[in-house]
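Written out below as structure tokens is the structure these notes cover.
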Number of protein chains: 2
Amino acid sequence: MKKIVVAFLLVLAFAAPLAAQTWIWYPGDYELWLGNEMNNRRTERGTFFPPFWKMDSHYVLVEFSKSINLTAPEEITIAAEGRYNVKLDGKLLFGAPRKLLLPSGNHKLNIKVHNQHTPPALFVKGETVHSDSSWRVTYEDKEWIDESGKASDTSTTVYSAAGCWNFNSIEQLPSHFRLPVKEQQPVSRKKDRGELIDFGKETFGYLVLKGLKGQGDLNIYYGESPEEAQYTAHCETLDRLRIAGSSVTDLATSEVSSFQDEYTLKDSKAFRYVYITNDEGVDVEQVNMLYEYMPEEYRGGFRCNDEEINRIWDVAAYTLHLTTREFFIDGIKRDRWVWSGDALQSYLMNYYLFFDGDEVKRTTWLLRGKDPVTSHVNTIMDYTFFWFLGVYDYYKYTGDAAFVRQLYPRMQSLMDYVLSRTDDNGMVQGLAGDWVFVDWADGAMSKQGELSFEQILFCKSLETMSLCAGLANDTKGEKHYSTLAGALRGKLEPAFWNEHKQALVHNRFNGQQSGQVTRYANMFAVFFNYLTPAQQQAVKHSVLLNDSVMKITTPYMRFYELEALCALGEQGNVLKEIKSYWGGMLKEGATSFWEKYNPADKGAEHLAMYGRPYGKSLCHAWGASPIYLLGKYFLGVTPVKEGYKEFAVRPVLGGLKWMEGDVPTPGGKIHVYMDKHAIRVSASKGKGTLYFASKHTPKVSRGQAVRTDKDSYRLNIDSGEEITVHYD
Amino acid sequence: MKKIVVAFLLVLAFAAPLAAQTWIWYPGDYELWLGNEMNNRRTERGTFFPPFWKMDSHYVLVEFSKSINLTAPEEITIAAEGRYNVKLDGKLLFGAPRKLLLPSGNHKLNIKVHNQHTPPALFVKGETVHSDSSWRVTYEDKEWIDESGKASDTSTTVYSAAGCWNFNSIEQLPSHFRLPVKEQQPVSRKKDRGELIDFGKETFGYLVLKGLKGQGDLNIYYGESPEEAQYTAHCETLDRLRIAGSSVTDLATSEVSSFQDEYTLKDSKAFRYVYITNDEGVDVEQVNMLYEYMPEEYRGGFRCNDEEINRIWDVAAYTLHLTTREFFIDGIKRDRWVWSGDALQSYLMNYYLFFDGDEVKRTTWLLRGKDPVTSHVNTIMDYTFFWFLGVYDYYKYTGDAAFVRQLYPRMQSLMDYVLSRTDDNGMVQGLAGDWVFVDWADGAMSKQGELSFEQILFCKSLETMSLCAGLANDTKGEKHYSTLAGALRGKLEPAFWNEHKQALVHNRFNGQQSGQVTRYANMFAVFFNYLTPAQQQAVKHSVLLNDSVMKITTPYMRFYELEALCALGEQGNVLKEIKSYWGGMLKEGATSFWEKYNPADKGAEHLAMYGRPYGKSLCHAWGASPIYLLGKYFLGVTPVKEGYKEFAVRPVLGGLKWMEGDVPTPGGKIHVYMDKHAIRVSASKGKGTLYFASKHTPKVSRGQAVRTDKDSYRLNIDSGEEITVHYD
């Protein structure tokens, strides 16, 4: 019951329009705190199972500051999460005032908040004065850098623009945030020694035991498959309860709760099935669940003539929604953690589905943590680089430079860490403490020496640093990172390109190329445009379409493999791959997409991973990539300038008869329809260009298509108008 | 009532003998957490008044680890502050077991604890397996440094020796720690419009309002002097309560509490006097207090023929005891914060009174905080250097190298910060954000350019780093810091010695000596032995005994001034100074020693500071230095090797007829008696040497006095024996 009330409040929160005032905090601090809460909710067979990397924490004492200019006196209401004091024009006021009459004129308001348990947060509401991101905040680090990152002679305190989200009323305490829930019923129940309950599809939330009574033990085994739920010795998650009258003891934590008739489990779990066994003296009438979810609007969409593709898109969207929680997590059963490599793909899919920028920002803050940097992001070298890439993607899709500026100091210190660990060639190798991941490939890949894959990501990260330095007005940094990127870029081809193999080799050890060729570096080099056009075409055949090169068995790296093929105009092949790979999972009964799928596996082999029979996550964000591929490379919509101020539409049917869909943009969307003879495009905001091919002169509803090459045309799109093109 | 129960538990805690098992945590984390609690208890006229420097926090997720070798199976009990899991030999056990049967043989036990609110802490108790500082702990920073600070090829996780204090039973949760209290009554009450209540001497604790009833407001004004308590518009601390039946509203925080007959204030305060005013409808029968204190044994002592000196020693000991709380703080009324320069003096006094090493360690952790270093300790450049000096003093007095090793990485990063801010001469100057303090001197001192005082402290800090690097087995660091110290040392005389003034000048600006001579650098150069014997004697006359050089008006710098004079054999002058300066405060009615005392001030001028009529703290740790001077330079006891393994006794009467006292050592003490004809020395532990002067051959009770110079003798002291020397 309590949960439902909370959910109700939060639905209001999500539905609320942009308010004048909002709760504010030190940027990143609320995100770290909430992320710690979330990352620590994983259990493994009843045991608390936290991440194995450093967990950072919020600053416990921060000061908020605002310069005010009032034409008339104004009363403000003040609330804080934490103990606080208020200074007006440098004079400390009595106690912790909840109301304050500000005199007219120019004034400086400073409010200091202390809170060890949850992030110090502030809410101020008046007629014109209200807490928002225009307030400045410091943890009194006393470095003397001003907001723009430049040295200042006048201040010894670093102030940042305050962080916020959408807690816009005084009652919505940020630390009380909970995702909303909806009660749902199972679709079937089947009794043998225990009872197998099926909720019809992959889901997430809290089990509700209705009509619970009696005396004795009750065990709940969760399964993403019926096998997992029923194979009680090996299912990944479970709950063991001891019932005695109106009290329940959680046998894992020894915590005791009381209940009346109905008991809702304290911890959320991922499952489609639950298998319940209980002592004879215990009875449960009905098992429901509270589905817990992040409220998101499906702003992107895709439909086409191929129902299998439509079903793939729907299941991919549901997969992404399930893994879009307080943060973008990897999988809902496992790990329930925020991983940078996984998150980067969620970001990209998100831009073609929810376009939820706050979710990207929260995840980015959490992954970065605080200084000092003592390891790579999630301890994985590649994941550090993916973190950098995510920041620039965010800017490109949203145009939000303020966030880049806020984050830039932590970008610098993370890059300092990377640069402090390069070898004599200025390249990165896995040092002790580094996890060089790349992909799950059952040991069939070397992690020794200089991996071409890592250098390519490193180079792109340096380019990203240079771009972000520019946004943060760090002209020295912009040049510095650009020089480093250029130097590394120049070394890539000599170091890794093998003329005989017509491919980038996998790695180099003591200056010698290894014999191995893998897909990873080659596909990134394609869509990063690090190869010549001739090399790109060579790689397409020698690597990407070459079955003798080790196959990728995770949707994670299939994401980039198919992206590379799309970038090379191979949408036809990619559509077949989507149907066979993701369609393959659907044929295996998937209701969400998996962490790993090897078509060669049979039956329960599909459920195993990490040496455990049900170790595999059957709902993994990185399984949802068709959303991204269909939006970006079939509907063909991409931002050209940040935040879709300018955009491009390059629709490609890739074998479909027709397709239609929406791609969200900041505060708007772009609609695309295409069949074999016509294209219709409209955009609510921004200026775009439609690129298409036509053998004869196309007919356009308005304006003039410009021929750019044999059969290639370009046409301007203005916001608000629908353009129709007839082509052949 | 609740408070008294807590106090009772804690007295037991302090009295408990060394136990096999104790609560453990990540080293420094509990100290930071407890220190934040303490530093945030200051209020100013009813308003929360936190420090203005960065406040660090504990790691929220840590893993404890222990290798075990059992000859028989053994059951252990596990308790944690926080959620936890247990791995035995890498296998995760179900839930959070409170009991665990360990099998015989070699095993590895890992316990992970998560706690956002208070530091993750662990307690394990078995027959032979128990939590203590032999356990290792990590926050999973993934740097690969082993416990000795050396790079290791086998581990990617940094483990430190676990931190602990004296929470030796499962019930003594570290986060529940409170100082004990004792109820005390006032010595007098005097009514006018309000009521002035006198507790007889400076004290600290919680006011208890007995027989409280009625309806209306009640105001409590605290005073270290009767003037402060009664001058209600300017007293530094106060409480405003609104009484309504059985409920009290704190008008500062708006918090409401209920009471029956007796109400104890929630926040502790420093005072001797309280002045209470209340509305007519409110009535209080009796006002008592709960005196709150750190239980300390007075292991050092001093008595002599001069009753004024004895009284000074007693008041100094009480002053130090009042300011020895969870940590060594500056003053009990104000700031109630931990300041490094103040703490260093408390440490030194402590070695001659309580010899409480845990208190030094806690204070050292708290002052240091965590990385990254973003400012000097307490924002003050000199206080950073005093922090380094404190670490080596701790080692010298206690012999506890394990602590130095534990702390060494944070010593390195703090010194990195200092070294990153040196000028072209390798010297330090105040940069923006730095507070160059030196002493309170009403603006009569330049803080520009290179101050000789700061360079001398910097040089000593580099020497300290070299010594501590040696203890931490960092041979490269030992050499590096030694080289830096040598280079700076070589520059001091050319830069600052002025042959004409026969003194070190105060500062240098653009390479030019300023004309100013102050006492600060000269006195430190004396007892650091940075001057030639001839220069030392010159400085004694040209600076230390020269009335035309700006006088010091804080006991803080008088500490070092008198230490320098003692080091030059001027105990006779120092005794006179102690009688006149500290005796002067006693004559002004002091019951504890002050933050500042200028004999030239009159009446209420003594109470003012910082532009506020009662701004001065009348109980300030740095006022207690006679304890140190009398122990170190009159009884003359100092450690020669770390932890008093070897020690020296150089008793000097300095004009006294006789003196007698104890100086504590690790697990023992050294007793010294001296009059004009005889010296008696005994030591419970260690090997010592007595140095004394005698015109004729002295008579010694045992062994042989060795003549070392004209009138100078040396005599070995063995532990356990009392040596008597008759001299003339």
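The values are calculated or read from the model by the stated rules, or taken from the named source; none is laboratory data. All values derive from a computational prediction rather than experimental measurement. Cβ sites come from the backbone with ideal geometry, for glycine too, and all protein chains shown count toward neighbours.
Brief remarks on what is shown
- Of the residues A:Val549, A:Val543, the single one that is crowded, with 23+ Cβ neighbours inside 10 Å and either more than 22 Å from A:Gly615 (Cβ to Cβ) or within 22 Å of the chain's Cα centre (by Cα) (or both) is A:Val543.
- Members of segment B:501-521 that are buried (at least 18 other Cβ atoms within 10 Å of the Cβ) and not in a loop (DSSP other than H, G, I, E, B): B:Ala503, B:Leu504, B:Asn507, B:Arg508, B:Gln513, B:Arg519, B:Tyr520, B:Ala521
- Some residue of segment B:537-545 being farther than 26 Å from B:Gly449 by Cα and in a loop (DSSP other than H, G, I, E, B): yes
- The set of residues in segment A:68-125 being part of a loop (DSSP other than H, G, I, E, B), of a type in the set (D, E, K, R) and facing another protein chain (nearest Cβ under 10 Å) consists of A:Arg98 alone.
- Candidates A:Arg707, A:Arg650, filtered to the one that is touching a strand residue (DSSP E or B) at 6+ places or on another chain (Cβ under 8 Å), closer than 27 Å to A:Thr319 by Cβ and outside the structural domain of A:Lys576 (by TED's automatic domain parsing): A:Arg650
- Residue satisfying condition, being touching a residue at least 40 places away in the same chain (Cβ under 8 Å) and either at negative phi or touching a helix residue (DSSP H, G or I) at 6+ places or on another chain (Cβ under 6 Å) (or both), within set A:Lys695, A:Lys687, A:Lys710: A:Lys687
- So A:Leu457, is it free of Cβ contacts under 8 Å to residues at least 60 places away in the same chain, in a helix (DSSP H, G or I) and surrounded by 22 or more Cβ atoms within 10 Å (Cβ to Cβ): no
- With respect to the conditions (1) touching a residue at least 40 places away in the same chain (Cβ under 8 Å); (2) crowded, with 24+ Cβ neighbours inside 10 Å; (3) under 18 Å from A:Tyr395 (Cα atoms), A:Gly300 lacks only one, and its number is (3).
- 1 or more residues closer than 23 Å to A:Tyr293 by Cα: qualifying strands (runs of 3 or more DSSP E) within segment A:186-258: A:188-191, A:195-210, A:213-223, A:237-244
- Counted residues, segment B:316-333 - those being of a type outside the set (Ser, Thr, Tyr), crowded, with 24+ Cβ neighbours inside 10 Å and either modelled with pLDDT under 95 or under 15 Å from B:Leu629 (Cβ atoms) (or both): 2
- Exclusive hit being surrounded by fewer than 17 Cβ atoms within 10 Å (Cβ to Cβ) and in the same structural domain as B:Phe386 (by TED's automatic domain parsing), set B:Glu605, B:Glu595, B:Glu570, B:Glu561: B:Glu605
- Only one of B:Asp330, B:Asp314 that is over 19 Å from B:Arg368 (Cβ atoms) and of a type in the set (Asp, Glu): B:Asp314
- Options B:Leu431, B:Leu414: the member that is assigned to a helix (DSSP H, G or I) and among the hydrophobic types (A, V, I, L, M, F, W, C): B:Leu414
- Selection count where residues are buried (at least 22 other Cβ atoms within 10 Å of the Cβ) and over 14 Å from B:Asp342 (Cα atoms), scope segment B:608-621: 3
- Near pairs, Cβ below 6 angstrom, 6+ apart or cross-chain, from segment B:366-383 (assigned by TED's automatic domain parsing to the domain that holds B:Asp342) to any residue that is of a type in the set (Phe, Trp, Tyr) and assigned to a helix (DSSP H, G or I): B:Leu367/B:Trp387; B:Val373/B:Tyr417; B:Val377/B:Tyr383; B:Val377/B:Trp387
- Output for segment A:347-385, where each listed residue is of a type in the set (Asp, Glu), away from every other protein chain (no Cβ under 12 Å) and over 24 Å from A:Asp439 (Cα atoms): A:Asp356, A:Asp358, A:Glu359
- Matching residues in segment A:305-334 - criterion: being of a type in the set (A, V, I, L, M, F, W, C) and either in the same structural domain as A:Pro186 (by TED's automatic domain parsing) or touching a Cys at 6+ places or on another chain (Cβ under 8 Å) (or both): A:Leu322, A:Ile332
- Pairs with Cβ under 8 Å, 6+ apart, first in segment B:600-629 and closer than 12 Å to B:Glu224 by Cβ and in contact (Cβ under 8 Å) with a residue 12 or more places away in the chain, second of a type in the set (Val, Ile, Thr) and part of a loop (DSSP other than H, G, I, E, B): B:Ser617/B:Ile332; B:Cys619/B:Ile332
- Scope segment B:26-66; condition among the β-branched types (Val, Ile, Thr) and either under 20 Å from A:Gly95 (Cβ atoms) or within 7 Å of chain A (Cβ to nearest Cβ) (or both); matching residues: B:Thr43, B:Thr47, B:Val60
- Taking every residue in segment A:570-595 that is at positive phi and pairing it with any residue that is surrounded by 20 or more Cβ atoms within 10 Å (Cβ to Cβ), at least 6 positions away or on another chain, the pairs with Cβ-Cβ distances below 9 Å are A:Gly589/A:Ser225.
- Qualifying residue in segment B:259-280 (condition: surrounded by fewer than 22 Cβ atoms within 10 Å (Cβ to Cβ), over 20 Å from B:Leu353 (Cα atoms), at pLDDT 95 or above and small (Gly, Ala, Ser)): yes
- Among residues of segment B:503-519 that are in contact (Cβ under 8 Å) with a residue 60 or more places away in the chain and polar (S, T, N, Q), those with a beta-carbon under 7 Å from a residue that is in a loop (DSSP other than H, G, I, E, B) and surrounded by 24 or more Cβ atoms within 10 Å (Cβ to Cβ) at least six positions away or on a different chain give the pairs B:Ser514/B:His506; B:Gln516/B:His506; B:Thr518/B:His506.
- Residue count, segment B:240-255 (criterion: within 11 Å of chain A (Cβ to nearest Cβ) and surrounded by fewer than 16 Cβ atoms within 10 Å (Cβ to Cβ)): 2
Per-residue answers, yes or no, for (1) in contact with a Phe, Trp or Tyr (Cβ under 6 Å, 6 or more places away or on another chain); (2) within 29 Å of B:Arg303 (Cβ to Cβ):
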residue: B:Phe593; (1), (2): no, yes
residue: B:Gly603; (1), (2): no, no
residue: B:Met609; (1), (2): no, no
residue: B:Arg612; (1), (2): no, no
residue: B:Ile627; (1), (2): yes, yes
residue: B:Tyr633; (1), (2): no, yes
residue: B:Gly636; (1), (2): no, yes
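- Segment B:422-441, residues that are free of Cβ contacts under 8 Å to residues at least 12 places away in the same chain and of a type in the set (D, E, K, R): B:Asp424
- Long-range neighbours under 8 Å by Cβ, at least six apart or interchain, first residue assigned to a strand (DSSP E or B) within segment B:261-281, second of a type in the set (Phe, Trp, Tyr) and surrounded by fewer than 21 Cβ atoms within 10 Å (Cβ to Cβ): B:Thr264/B:Tyr206; B:Lys269/B:Tyr206
- Single match in A:Tyr397, A:Tyr392 (criterion: more than 23 Å from A:Lys54 (Cβ to Cβ), assigned by TED's automatic domain parsing to the domain that holds A:Phe527 and buried (at least 24 other Cβ atoms within 10 Å of the Cβ)): A:Tyr397
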